[in-house]
Amino acid sequence: MASRRGGHQGHIADTPGYERIYLHTNVNIEGTEPFWRNVAKEVFDARTTGEHGPGVATVHFEIPM
């Protein structure tokens, strides 16, 4: 849930202008890759770029709303 001003909580899906949630994860952490592949679509596999430093295997995903 997203927190809005005034303490009102709502869902991101209820917020106009949002079409997807974008995220990235370190797939070297056990279980993260199969979990995100089950609920999200891969946007970019950055493991070969080393964008977040040595030992971090980053894959970018998005979830349509």
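The values are calculated or read from the model by the stated rules, or taken from the named source; none is laboratory data. Predicted model, so just to flag it, every value in this text is computed and none were measured. Neighbour counts run over all protein chains shown; Cβ positions are idealised from the backbone, glycine included.
Does residue 62 meet the test of being within 18 Å of the chain's Cα centre (by Cα), at pLDDT 95 or above and surrounded by 10 or more Cβ atoms within 10 Å (Cβ to Cβ)? In short, yes. Considering the stretch 4-26, the residues that are modelled with pLDDT of 85 or more and among the hydroxyl-bearing types (Ser, Thr, Tyr) include one that is surrounded by the fewest Cβ atoms within 10 Å (Cβ to Cβ), namely 22. Scanning the stretch 10-55 for residues that are of a type in the set (A, V, I, L, M, F, W, C), in contact (Cβ under 8 Å) with a residue 12 or more places away in the chain and part of a loop (DSSP other than H, G, I, E, B) turns up 27, 40, 46. Checking each residue of the stretch 27-38 against the condition of being modelled with pLDDT under 95 and surrounded by 14 or more Cβ atoms within 10 Å (Cβ to Cβ) gives at least one match.
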